[in-house]
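Peer 1: Here you go, one structure.
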Amino acid sequence: MLKTTRKLIKKTAANLNISDDVLTRLLKVDKIHEFEIQLKSGKKFKAYRSQHNNRLGPYKGGIRFHPEVTAEEVEALSILMSFKCAAVGLPLGGGKGGISVNPKELNIDEIEELSRAYVKHLHPHIGPDKDVPAPDVNTNSQIIDWMVDEYSRQTNLETVASFTGKSLLKGGSHGREAATGYGGVIALNRYLELKNEQNKEISIAIQGFGKVGKFFARRSRPNWKITDVSDSSASLQNSQGLDIDELIKFKNDGKSFKDFSSATATVLKSNQIISADTDVLVPAALGNAITQNNAGLIKAKIIVELANGPVTEPAFRILDKKGVTVLPDIIANAGGVIVSYLEWQQNLNHEKWPVEKVESRLKMYIEKAIETVYSVSKSDKVSIKEAALRVAIKRLI
């Protein structure tokens, strides 16, 4: 991921005639914290926090608990976060953290101990005006609540603005759960409006029907038909449109699509979602889902990057030549960090906004970002994806 991220940025910087010295400074991470956590049980885990660039404001980014977390991964994601915040106009920098652990192998007490130990080590380097972490893969509002409490214990500061993604009762924001999926809906809708295609009926395939994919489907426009969805086990298809409420209930019951048995959908192999005959493809699962090996199979004319880095750089070159528009992750999936920023603002001002106000602000940020990159794409004669990077780079330097 880090290699792909750097390659895309370097290519865009070269097209902007940015000097090597400036580019080196742009890509340099301010600080990577690497340390080890040992639990009372004796179990040991490697932990990380990457702080990329705080030129625009405090570092911002999630904390993930996953066995494959590495220093390289959090560094790449912190760089992406800097560009994401810059692209959508947030006064925040890029950060990312994580612990190399499979949380399924720990009991609830060990997860709390691990969460608090992470903050005990990092508390001098984070805080409302330094670095404001949030949940990510395998972390949630309960874990963040523990971290907020530990930060207050370590610093004697009674503030809930030290982290975002908290539970509603502990200072969290309305609208956070749906933010990433709904942000993708806003991005696609505004792009179609700019092309005067907002009233056309379009078909959509969603790769990855987890929390983000579900909310994208749930908040889709009436003239958008979700015909294909997938999880890691299988994909489902109905050319007339799938019953989204039925699928959400099915997944919420902990079931896999390979076990779906209903006249409302045909069960196919999971990877067949990539070649679905739809207008729009929404990769909402993992990074590197679309590579040079499968990019040629894509029939969709628009890709909405709801996952982080789902389209590799070689795949993007293939898609660009085919005339496929990629709405980039640094805008399309920025809903989460935007609502995190809004939560932080509410905490700093001791306010609690209704969901309508939160979603109105979210819509404003995403739409303005799409309008800006669409304009740059037209004026500079570049793709939407490169236009987004151009806007971010200019703001960061």
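Peer 1: Restricting to the chain, compute how many DSSP beta bridges are antiparallel as a %, nearest 5.
Peer 2: Here the antiparallel bridges make up roughly 45 percent for the chain.
Peer 1: Given the -39500 (n - 2.57) contribution per DSSP H run of 4+ residues, what per-residue ellipticity at 222 nm results for the chain, rounded to the nearest 500 deg cm²/dmol? Walk me through the intermediate numbers first.
Peer 2: Details: 13 runs with 168 residues, N = 397.
The helix contribution divided over the chain gives -13500 deg cm²/dmol.
Peer 1: A further question follows. Rounded to whole Å and sorted largest first, what semi-axes of the equivalent ellipsoid does the C-alpha gyration tensor of the range 179-332 yield via the square root of 5 times each eigenvalue? Before the final figure, lay out the partial values.
Peer 2: Details: eigenvalues 100, 63, 40 Å².
Semi-axes from the Cα gyration tensor: 22, 18, 14 Å.
Peer 1: Over all distinct Cα pairs, what is the inverse of the mean 1/r for the range 44-105, reported as the Kirkwood hydrodynamic radius in Å?
Peer 2: Details: mean 1/r = 0.0862 Å⁻¹.
It is 11.6 Å.
Peer 1: Further, regarding this structure: Quick check: net charge around R153, other residues with Cβ under 12 Å of its Cβ, Lys/Arg +1 and Asp/Glu -1? Don't skip to the answer; put the middle values down first.
Peer 2: Values: positive: R116, K120; negative: D149, E150, E158.
So the surrounding residues net to -1.
Peer 1: Among the DSSP beta bridges whose two residues both lie in the range 28-168, what percent are antiparallel, rounded to the nearest 5? If you can, show how the numbers build up before the last one.
Peer 2: On the way: 15 of 25 bridges.
So the antiparallel bridges amount to about 60 percent of the total.
Peer 1: Can you give the extra length, in nm with one decimal, that the chain gains between N199 and D277 once fully stretched, where that is 0.36 nm per residue apart less the Cα-Cα distance?
Peer 2: Working: separation 78, 0.36 × 78 = 28.08 nm, distance 1.99 nm.
Length gained, N199 through D277: 26.1 nm.
Peer 1: Eigenvalues of the Cα gyration tensor times 5, then square-rooted: what semi-axes does that give for the chain, in whole angstrom, largest first? Walk me through the intermediate numbers first.
Peer 2: On the way: eigenvalues 206, 133, 83 Å².
Over the Cα atoms of the chain, the ellipsoid semi-axes are 32, 26, 20 Å.
Peer 1: Of all alpha-carbon pairs in the range 75-204, indicate the percentage at a distance above 25 angstrom. Let's see the in-between values first.
Peer 2: On the way: 3115 of 8385 pairs.
Cα-Cα pairs in the range 75-204 separated by more than 25 Å: 37 percent.
Peer 1: Straight distance only, please: which lysines reach the Cα of K43 with their own Cα at less than 24 Å, same-chain residues fewer than 8 apart left out?
Peer 2: Cross-link targets: K96, K104, K120.
Peer 1: Normalised by the empirical 2.2 N^0.38 Å for globular proteins, what value does the Cα Rg of the range 1-102 take? Let's see the in-between values first.
Peer 2: Numbers: Rg = 15.1 Å, N = 102, 2.2 N^0.38 = 12.8 Å.
Here the Cα radius of gyration is 1.18 times the empirical estimate.
Rule-based calculations on the coordinates, nothing more; no lab input. Since this is a predicted model, take the numbers as computed values, not measurements. Note: ideal-geometry Cβ built from the backbone for every residue, glycine included; neighbour counts use all protein chains shown.
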